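> Dropping a structure here in structure tokens format, bear with me for questions.
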Amino acid sequence: MNEQVTDKGGFLARLRAGLQRSRAKFSDSLTLLVGTRTLEPADLDALEDVLIGADLGPAVAARITDRLRKARVIGEVDLAGVQRIVAEEVAAILAPLARPLQVTAFPRPHVILVVGVNGTGKTTTIAKLGHLFQEEDYDVMFAAGDTFRAAAVAQLKVWGERLGVPVVAGAEGTDAAGLAYRAMEEAKASGRDVLLVDTAGRLQNKAGLMDELAKVRRVLAKQDASAPHDTVLVLDATTGQNALSQIEVFREVAGVTGIVMTKLDGTARGGVLVAAAEKFGLPIHALGFGERLGDLRPFEPRAFARALVGEGA
């Protein structure tokens, strides 16, 4: 049974709520720095530290302070003006990377390999992506490729039943590549438009993970040289700067082509998404908030920037 999808207004309200911690930290620090006066030249180094403390990273912090310096607005902009400029720069970094997942493969299915550290909400994100595709009238299939975690397989089966999506699964410990191959065969035979493939995320065994994901990619390519058509990394927004090291690893082991950020739940450190965008330039497909099917929506960079920075933006 499909759930009611969150409307846009509700989504934006949840976005603000999800970024509350990041916004409050930034706004409080900025208020202490500027207060009711205007920004002065001596404030720029401290402002750079505030931006780094908001998880935006050194490169983004330097970019923003350089803009303030070159725009010759020092002594003229107040707190709200600084917030507005920061939001504009954040949006400018993010806007080119906002890219919803699209079903383009022909012949079908369009294969999406979903990767990430265990505990990031990967399996739930697969269900939500499946629901988004269903909203666009695509026929979807899931492959329960995290075969080392029985709970992940069981969870995906439950989501499949709720959505009316078939799930290709095997016994615990089944070869993940073999299962992915079988899932693609079944997706082709049944005329499915999209195949979403779950994977393991055991970073403590990087070499084994690398071998497994490489094998999954090879067997998918045997049936379609362009598969997987997307490799999506699911990031947990509460991990802060650790998200950057996860991107490094999964880009190396899985050839990540885009990002979904989850768990924007009020404890999130959302500024790291901006740091990741500046450093890696990977497309950002969607944001997730909770467990409901409607809690994953396409990424909106301007709304994200305003929610991250504050009311003055």
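> Which of the residues that make up region 245-262 are crowded, with 24+ Cβ neighbours inside 10 Å and not in a helix (DSSP H, G or I)?
Within region 245-262, I259, V260, M261, T262 meet the criteria.
> Quick check on my filter: what residues within region 122-131 are modelled with pLDDT under 95 and surrounded by fewer than 24 Cβ atoms within 10 Å (Cβ to Cβ)?
T124
> May I pose another question? Which residue is surrounded by the most Cβ atoms within 10 Å (Cβ to Cβ), if the candidates are limited to region 154-178 and must be among the aliphatic types (A, V, I, L, M) and either in contact (Cβ under 8 Å) with a residue 40 or more places away in the chain or closer than 15 Å to P109 by Cβ (or both)?
The qualifying residue surrounded by the most Cβ atoms within 10 Å (Cβ to Cβ) is L156.
> Read through the list (1) in a helix (DSSP H, G or I); (2) of a type outside the set (K, R); (3) under 20 Å from V232 (Cβ atoms), then give the number of the only condition that A151 fails.
(3)
> Could you tell me whether E212 is crowded, with 18+ Cβ neighbours inside 10 Å, over 12 Å from the mean Cα position of the chain (by Cα), assigned to a helix (DSSP H, G or I) and free of Cβ contacts under 8 Å to residues at least 40 places away in the same chain?
Details: crowded, with 18+ Cβ neighbours inside 10 Å: yes; over 12 Å from the mean Cα position of the chain (by Cα): yes; assigned to a helix (DSSP H, G or I): yes; free of Cβ contacts under 8 Å to residues at least 40 places away in the same chain: yes.
Yes.
> Are any of the residues in region 191-201 within 30 Å of E88 (Cβ to Cβ) and open to solvent by less than 50 Å² (accessible area, probe 1.4 Å)? I'd like the intermediate steps shown before the answer.
As a first pass, look at region 191-201 and keep what is within 30 Å of E88 (Cβ to Cβ): none.
No, because not a single residue in region 191-201 is within 30 Å of E88 (Cβ to Cβ) and open to solvent by less than 50 Å² (accessible area, probe 1.4 Å).
> Please state which of the following conditions T36 fails to meet, knowing it meets all the rest: (1) within 22 Å of the chain's Cα centre (by Cα); (2) among the polar types (S, T, N, Q); (3) surrounded by fewer than 16 Cβ atoms within 10 Å (Cβ to Cβ).
(1) is the only condition that T36 fails.
> Of all residues in region 263-286 being among the β-branched types (V, I, T) and either closer than 23 Å to N118 by Cβ or surrounded by fewer than 24 Cβ atoms within 10 Å (Cβ to Cβ) (or both), which is modelled with the highest pLDDT?
Within region 263-286, the subset among the β-branched types (V, I, T) is 267, 272, 274, 284.
Okay, now just the ones that are also either closer than 23 Å to N118 by Cβ or surrounded by fewer than 24 Cβ atoms within 10 Å (Cβ to Cβ) (or both), so 267, 272, 284.
Values: T267: 76, V272: 93, I284: 98.
Residue satisfying both the conditions and the ranking: I284.
Residue-wise test of (1) open to solvent by less than 10 Å² (accessible area, probe 1.4 Å); (2) within 12 Å of G271 (Cβ to Cβ); (3) of a type in the set (A, V, I, L, M); (4) at pLDDT 90 or above.
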{"position": "R16", "(1), (2), (3), (4)": "no, no, no, no"}
{"position": "L30", "(1), (2), (3), (4)": "yes, no, yes, yes"}
{"position": "D43", "(1), (2), (3), (4)": "no, no, no, yes"}
{"position": "T65", "(1), (2), (3), (4)": "yes, no, no, yes"}
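> Another question, then. In this structure, is V117 among the aliphatic types (A, V, I, L, M) and either under 16 Å from H285 (Cα atoms) or open to solvent by 10 Å² or more (accessible area, probe 1.4 Å) (or both)? Walk me through it before giving the result.
On the way: among the aliphatic types (A, V, I, L, M): yes; either under 16 Å from H285 (Cα atoms) or open to solvent by 10 Å² or more (accessible area, probe 1.4 Å) (or both): yes.
Here the answer is yes, as V117 does meet what is asked.
> Please state which one of L233, L179, L282 is in a helix (DSSP H, G or I) and not small (G, A, S). Before the answer, list the steps.
Values: L233 fails: in a helix (DSSP H, G or I); L282 fails: in a helix (DSSP H, G or I).
Answer to the check: L179.
> Does T238 meet the test of being more than 20 Å from the chain's Cα centre (by Cα), without any contact (Cβ under 8 Å) to a residue 40 or more places away in the chain and open to solvent by 10 Å² or more (accessible area, probe 1.4 Å)?
On the way: more than 20 Å from the chain's Cα centre (by Cα): no; without any contact (Cβ under 8 Å) to a residue 40 or more places away in the chain: yes; open to solvent by 10 Å² or more (accessible area, probe 1.4 Å): yes.
For T238, the condition - more than 20 Å from the chain's Cα centre (by Cα), without any contact (Cβ under 8 Å) to a residue 40 or more places away in the chain and open to solvent by 10 Å² or more (accessible area, probe 1.4 Å) - is not met.
The values are calculated or read from the model by the stated rules, or taken from the named source; none is laboratory data. The structure displayed is predicted, hence computed values, not measured ones. FYI the Cβ positions are ideal-geometry reconstructions off the backbone, even for glycines, and counts take in every protein chain you see. Accessible surface is based on the protein model in full, side chains and every heavy atom, while ligands, DNA and RNA are left aside. Shrake-Rupley method; radii C 1.70, N 1.55, O 1.52, S 1.80 Å.
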